[in-house]
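The values are calculated or read from the model by the stated rules, or taken from the named source; none is laboratory data. Because the structure is predicted, anything quoted here is derived from the model rather than measured. Every residue, glycine as well, gets a Cβ built from its backbone with ideal geometry; the counts of neighbours run over all protein chains shown.
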Amino acid sequence: MNMDFQSINLILEKYRYRHSDIIGILQDAQALENYLPEEALRYISKKMEISLTRIFDIVTFYKAFSLVPRGKYTVRVCCGTACHLGGAPQNLDKLNRLLKIKDGETTDDRIFSLETVNCLGACALAPVVAVDEDYHEAVNAGKIEKMLSAYQEEE
Amino acid sequence: MEQITDISGLEALREEILANRNKDKTILRTCISTGCKAQKSLKVVEALKAAIKEHGLQEKVEIKKTGCHGFCEMGPIMVVEPENIFYRKVKPEDVGEILSTLNGSGGVVERLLWKDPVTKELATHERELPLYSKQNKNVISRSGKIDPADIEDYIASGGYSALSKVLHSMKPAEVINAVIASGLRGRGGGGFSTGLKWKICSNAPGDMKYIVANGDEGDPGAFMDRSLMEGDPHSIVEGMVIGAYAIGASRGFIYVREEYPIAIEHLSIAIKKSEEYGLLGNDIMGSGFDFSVQINRGAGAFVCGEETSLMISLEGKSGTPRSRPPYPAIEGLWGKPTIINNVETLGNIPLIISKGADEYAAVGTEGSKGTKVFSLVGKVQNTGLIEVEMGTTLREIIFGIGGGIRKGRSFKAVQTGGPSGGCIPITKIDMSVDYDSLREAGAIMGSGGMIVMDETSCMVDVARYFIDFLMYESCGKCVPCREGLKQMHHILENICEGTGEEKDIETLTGLARFMSTSSLCGLGSTAPNPVLSTIRHFRHEYESHIHDRKCRSGVCKNLFEYIIDQELCNGCGLCRVKCPEKVVSGEKKKPHSIDNEKCIKCGICFNSCKFNAIVVK
Amino acid sequence: MKIQIIIDGHMVQVDNGTSVLQASRKAGIDIPTLCYHEALKPYGSCRLCMVEIVQNKQRRLVTSCNFPAETGMEVFTDTDGVKQVRKHVLELLLARCPEVPMIQTMARRMGIEKTGFKKIESKECILCGLCVRFCEEAVGAAAIGLSNRGTEREVTTPFKSSSDTCIGCGSCTYICPTACIEMIPDEKISGIRNMNMGRLSLELCSNDYKCTDCDIEQTFIKDIKSVIAQFRKKDKTQ
């Protein structure tokens, strides 16, 4: 693939190559392709003079990072306590069946990625399912198909 | 923008802002924070803008985009000032009607008013809603009233006066003494004396000191910090600058979890604006004091809410905690003395300075001063953010402000303190909510999450939920936490699936004792709390799961079935229509039945039936 | 400045900055450890070295490897509380690594015959971090590291692929308490060795894990030192 090294350089310059800002750098780099290709990480390791070992530790420790390409839409099932009590496991179950993928996976057509996520801070709207920046409230198994079809129609 | 270079400069600016305000304008306070935004409040704002323009009302009506009002389930929320009319669930299509009532006729749009679910009474004004009227708002009083992206709104409401007082008339030691005298204890969960921590850091030797605002609110079910960061970011900045001055720090960090993009945005704007106005950066307000702040985003790790893990994350590494001593106040970031305060703690600081320690300490109990913000969620009628005096009882909160349990069900337990906390049963409903009482009851204050449960919540499942959460979030460094949580998870999974064993409760309790004394950090040492408290107060549920293989709350799928009571069912067919798997059958007006072989136990029928004809067996 | 502490009733005098573990060793008292090594910064992950201390009238359990000895402190290395901790640590490790001879030997030596926990997996690595820390702190190559989190935490090379920063010194092989790392010859370049994770040495140690007077150990160390010395020479000339 064609790595956008120019954009990565801009990010490194923005943070002035500060080692302590490596997490912010990786977050900005991930935003370029919506995931972190191995090539990008090797490049950042070399330019920043941080061992690839340490970078690999960071990108696998923090769950905000993905080393595999994600779907066009990321479906995030909030698993905060209020959402759990409100039926998040049933929603996740329904999504597993509908999309035929598990937590952390992406559909074959690369349209949807499914993730469980810790509390989104919208507890009063429990149970919440977010699709990218759209937060859907009081979701139940019956509403999920309709919710997803709105995004599928755009395809 | 001319920078503010002294105390009179701030006051002059405030007067100027207030003088320039058109007091005859109607202001529509519209929430654009996470909860309301999720319910499309931005579209309401767009519709408002268009309608105001169309009707030429620009001189008469102003839209103020505010932060969180705290009553998120009622969003999008709009409050009409100066009348203080509270509208809930506002849609773009309602905009025309709302504007038409502003022509001086004094009318309201009744269908947008809030109705009390118990008394069925309509409330016209914001101050009439029990959720608000019974609160004692201090720290979150501005959120929902001001535009968080407008520093002048903050200044006009008295913002930065406390900082001004500190920089121009108080020595660092006096600031620390005031905070100690106020009795303020850490609002993130630790409950340690904030002033004392500041004093230790101030006395610690070091050529460089740091102050860190912990906005990594990871407790599931808690959104107090989210609200404060989104709705009143300047209060946190102001608190930080005062803290930095007190301890002698020149640099600060605000660590915000990346799941809160609006909070990050509003804090970034606040930092930029306060720098522009000379309230942050070099020579703040002409005092000679320098202090700069940067925002660091979390990257999806709950453990980074723990102090040492947070610091390691700020240093650019994976967030594995380290042991103490050395304590961060003496040896923290890059080995330098560092103060880490929760954002709500910092939000209290300007109040302490403005009111004075004595007035602040007049509120609350002997050991827990001031007010606390809680997120009251779960099975209550009114869910949302509430700020109450320390010492308020659980009954007042859950039944008074919360309006009791939804759907006519009964209170079972309230979980406080998140994954480090515990479940409190009905027998303690009249207990005072303060740090020490909660600890004695087997729970903790934590960051303020208060999750209310009813008879449809399974307490074994609740314990399993928290252990699952912690197992996922554990850094994996130490044996007690990593291996202990793994074993606890395995045991609880088995119990919930119907393969629990006689000795399981004993094994869990033994593991709990080991983890609480031997873990490296607070995550591991408090992980057993939800398990211990549910065993303590709800042992019969564990025994039911293990011996009878039954989950009487209807949660653990292998251990119950939904049955339609043939005498109560009147054949309305609602469950049959709503069932997503089409496993309910029956003729109209005749009792229905569920094919239990195919039922996936999603609970939709159970929750929809208006006649309580579906039961858990 | 000298510190005076009492360990199991014995008065010990040590320098400022000494840990309770080091002070105990000076007093000839043996405290078991798994993740501790004199050449590395203390890590505090195995919790095996926990002892009870009394300081300012407060009694609590702390890890001795990284707790600073302070005058007036009293240390107890063999109480019931301490024994309970060791028992739990070993039982949990036995549940994690049921087939590792070294863990079985260590448990047996502490009087633990079996584990009360379910053996839900069979791993060889105990995540003591010695290999990773040695590679980074002592050798300076940082070729292997930790990745993932929690129960998924593991020792790997980046992307689990052949490392281009490994110098083949064998330190990780040597220092691993369970012998689950080995050096294998590089497929392409002769004379080069690479570390390989997770291959359990099923041959029982011929010296029954008594490492202090071991000939094998001495040869091993000589070998490692020479490889590291070569690496440092090459590093300097570049």
Filter region B:325-339 down to residues that are in a loop (DSSP other than H, G, I, E, B) and under 28 Å from the mean Cα position of the chain (by Cα) and give me whichever is nearest to the other protein chains (Cβ to nearest Cβ).
B:Tyr327
For B:Ser375, indicate whether it is within 14 Å of chain A (Cβ to nearest Cβ) and part of a loop (DSSP other than H, G, I, E, B).
no
Can you find a residue in region A:93-104 that is within 26 Å of B:Arg226 (Cα to Cα) and either surrounded by fewer than 21 Cβ atoms within 10 Å (Cβ to Cβ) or in contact (Cβ under 8 Å) with a residue 60 or more places away in the chain (or both)?
yes
Can you pull out the strands (runs of 3 or more DSSP E) entirely within region C:67-181 that have at least 2 residues that are touching a Leu at 6+ places or on another chain (Cβ under 8 Å)?
C:154-156
Name the one entry in B:Glu230, B:Glu238 that is within 14 Å of chain A (Cβ to nearest Cβ), touching a helix residue (DSSP H, G or I) at 6+ places or on another chain (Cβ under 9 Å), of a type outside the set (A, V, I, L, M, F, W, C) and in a helix (DSSP H, G or I).
B:Glu230
Give me a count of the residues in region A:119-136 that are part of a loop (DSSP other than H, G, I, E, B) and either surrounded by 21 or more Cβ atoms within 10 Å (Cβ to Cβ) or of a type in the set (Ser, Thr, Tyr) (or both).
7
Residue within region A:36-50 that is crowded, with 22+ Cβ neighbours inside 10 Å and not aliphatic (A, V, I, L, M) present
no
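For every residue, the table says whether it meets (1) among the polar types (S, T, N, Q); (2) surrounded by fewer than 21 Cβ atoms within 10 Å (Cβ to Cβ); (3) more than 24 Å from B:Val343 (Cα to Cα); (4) at pLDDT 95 or above.
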| residue | (1), (2), (3), (4) |
| --- | --- |
| B:Gly404 | no, yes, yes, no |
| B:Val414 | no, no, yes, yes |
| B:Gly417 | no, no, no, no |
| B:Lys428 | no, yes, yes, yes |
| B:Ala443 | no, no, no, no |
| B:Glu473 | no, no, no, yes |
| B:Gly476 | no, no, yes, yes |
| B:Glu483 | no, no, yes, yes |
Assuming A:Thr53 fulfils every condition listed in (1) at the interface with chain B (Cβ under 10 Å from one of its Cβ atoms); (2) crowded, with 16+ Cβ neighbours inside 10 Å; (3) without any contact (Cβ under 8 Å) to a residue 12 or more places away in the chain apart from one, which condition is it?
(1)
Subset of region B:56-72, residues closer than 13 Å to B:Thr26 by Cβ and in contact (Cβ under 8 Å) with a residue 12 or more places away in the chain, comes to B:Leu57, B:Glu59, B:Lys60, B:Val61, B:Glu62, B:Ile63, B:Lys64
In this structure, does B:Ile339 turn out to be buried (at least 21 other Cβ atoms within 10 Å of the Cβ) and either β-branched (Val, Ile, Thr) or closer than 24 Å to B:Gly252 by Cβ (or both)?
yes
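Results for (1) surrounded by fewer than 20 Cβ atoms within 10 Å (Cβ to Cβ); (2) at pLDDT 95 or above, shown as yes or no for each residue.
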{"site": "B:Glu152", "(1), (2)": "yes, yes"}
{"site": "B:Ser161", "(1), (2)": "yes, yes"}
{"site": "B:His168", "(1), (2)": "yes, no"}
{"site": "B:Glu174", "(1), (2)": "yes, yes"}
{"site": "B:Gly189", "(1), (2)": "no, no"}
{"site": "B:Ser193", "(1), (2)": "yes, yes"}
{"site": "B:Trp198", "(1), (2)": "no, yes"}
{"site": "B:Ile211", "(1), (2)": "no, yes"}
{"site": "B:Arg226", "(1), (2)": "no, no"}
For B:Ile495, state whether it is more than 26 Å from B:Gly446 (Cα to Cα), surrounded by 23 or more Cβ atoms within 10 Å (Cβ to Cβ) and within 14 Å of chain C (Cβ to nearest Cβ).
yes
Quickly run through region C:63-84 and pick out the residues that are free of Cβ contacts under 8 Å to residues at least 60 places away in the same chain and either surrounded by fewer than 21 Cβ atoms within 10 Å (Cβ to Cβ) or more than 13 Å from C:Ser45 (Cα to Cα) (or both).
C:Asn66, C:Phe67, C:Pro68, C:Thr79, C:Asp80, C:Gly81, C:Val82, C:Lys83, C:Gln84
State whether one or more residues within region A:66-87 are on the phi > 0 side of the Ramachandran plot, within 12 Å of chain B (Cβ to nearest Cβ) and crowded, with 18+ Cβ neighbours inside 10 Å.
yes
Can you name the residue in region C:25-56 that is out of contact with any strand residue (DSSP E or B) (no Cβ under 7 Å at 6 or more places or on another chain) and within 11 Å of chain B (Cβ to nearest Cβ) and, of all such residues, is farthest from B:Pro480 (Cα to Cα)?
C:Gln55
When you scan region B:24-38, how many residues do you find that are modelled with pLDDT under 90 and of a type in the set (A, V, I, L, M, F, W, C)?
1
Can you spot a residue in region B:557-574 that is under 20 Å from B:Lys601 (Cα atoms), aliphatic (A, V, I, L, M), surrounded by 18 or more Cβ atoms within 10 Å (Cβ to Cβ) and out of contact with any Pro (no Cβ under 9 Å at 6 or more places or on another chain)?
yes
